[in-house]
Amino acid sequence: MYGAEEAVAAYAGTDSGQEVRLADGERVWAGLHRLDLSGTTARAYSAEPDGPARPGVPYGETDETGLGDHARRIGWIVRNSVPNVSTQQVARLIGKPDVDPRDATAAAQAAIWHFSDDVDLDTTSGANREDVVRLYQAFTDSRVNVGAGPAGPALEVTPRQLSGAAGLLIGAWDVFTSADRVDVTLRGAPEGTQLLDEEHQPVPGNQARAENGAYFFVRVPADAPAGEATLVAEGVAPLSVGQVFTATDPARPGQALVLAESVTGRMRSQAKVRWTAATAQPSAYVYLDCPRHQLRVFLRNRGAAPARMTVNGQPYLVAGLKEQLVRLPSPQAGRYRVQVAGPGGYARTFTDAVTCMTDTPSPLSRITTPAPHPAPTPSAMPVAALRHQSGGLARTGADTLPWLVGGGVALLVGGAVVAFLTRRRG
């Protein structure tokens, strides 16, 4: 349920309606009620036939789950009855040009009780007005009442409560609203607490202007003791037909009310932020680095508080949300053994065989390869030599020059190096 604990309205009495007789013979008043929304009056139908609340009882917006499995049927009734539509439109349901507004509201109210509380109207004794009975039958006929979708919240912060640890990110809270923007503030938090936006960036002054669909996180300082704060969203928002309001004070009960007309009112919704004192969350894993003949021990702390850890009895302090590397010499053969301990009873022993292979030079690696001799290029030979080899251009009268090119043969033989790198995690 959203917003039920935030009082944004007060019960202001009954409106149009009349007394009707139920199937069990009980006579009750059926019709519209009035809600005061910060100076704006909204009319609503009751979801319970228990009689109206006392004036001044505080109300807050909630979701439609309180209407039971027939919320869609109830939503259709309030959307197709007075005051959301005219009496002439309601009269079309029974083939008449118009109906008395009191008959329309009484019939709609009785039809809502039929779905919300399985309470039926007396339709046979003649105790109720004819138009009330006929409209009631139309409102409850599944061939006519095809159901309607939920109204959606005017303003909702969800979930209602989230918990975490000091120093860590807590969230996210979503803000849903029919308003263009609403104010979101963090209240009652210790100094240094941050309200963070979708990008995890601090919101200046822990106050934001949020659109529909925005979401937020909270981070409490790591040294803060256990506590709680409140995330509050406020703003003027349109309220739709079908939105549900319930009494917020258990000592002052009232019927659940379903809005029968669209209005604009000042809304408020809030959520609780709770946290425990920061703790350390140690973990470790070991990595066998054969080429360096090392054991690499990685100490991790996923908590916000510092973690005092030991590796084979040697102490180390790992800061909150950090990782620290410890290097140990690796034995050349046999097995290695690393013992890690930390806060909260953390203790792990890492042991495994050393599988590193010793590098040995290959016999082929001692074979030397002679460097090849490049063939001379024409541009590197003297012009006189060219003329001597060709017999002279003047004597032969030809443009061709014979070339003598020599080559060498090279033999390349390589060796191989094998390295094994073994990694162990824990």
Any idea what the dipole of the range 9-139 comes to, in debye rounded to 20, about its Cα centre with Lys/Arg Cβ at +1 and Asp/Glu Cβ at -1?
460 debye
Extension gain (nm, one decimal) between residue 38 and residue 144, 0.36 nm per residue minus Cα-Cα:
34.5 nm
Just to be sure I understand the model, the point goes 7 Å from the Cα along the line to the Cβ. What's the resulting residue 169 to residue 98 distance in nm?
6.3 nm
Tell me, what HN-Hα J-couplings in whole Hz come from the Karplus equation 6.51 cos²θ - 1.76 cosθ + 1.60 at θ = phi - 60° for each residue of the range 337-343, using x for Gly and Pro?
8, 10, 10, 10, 10, x, x
The answer for residue 280, listing residues at least 5 apart or on another chain whose modeled amide H is closer than 5 Å to its amide H, is 305
Taking Cα centroids, how far is the range 177-242 from the range 102-129 in Å?
44 Å
Kirkwood Rh and Cα Rg combined as Rg/Rh, the range 47-184:
1.12
Ranked highest first by average number of other Cβ atoms within 10 Å, how do 225-238, 106-119, 298-311, 332-345 line up?
106-119, 298-311, 225-238, 332-345
Can you give me the Cα centroid spacing of the range 323-346 and the range 14-67 in angstrom?
70 Å
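Bear in mind these aren't lab numbers, they're just calculated from the coordinates by the rules spelled out. Quantities reported herein were computed from a predicted structural model and do not represent experimental measurements. Note: ideal-geometry Cβ built from the backbone for every residue, glycine included; neighbour counts use all protein chains shown.
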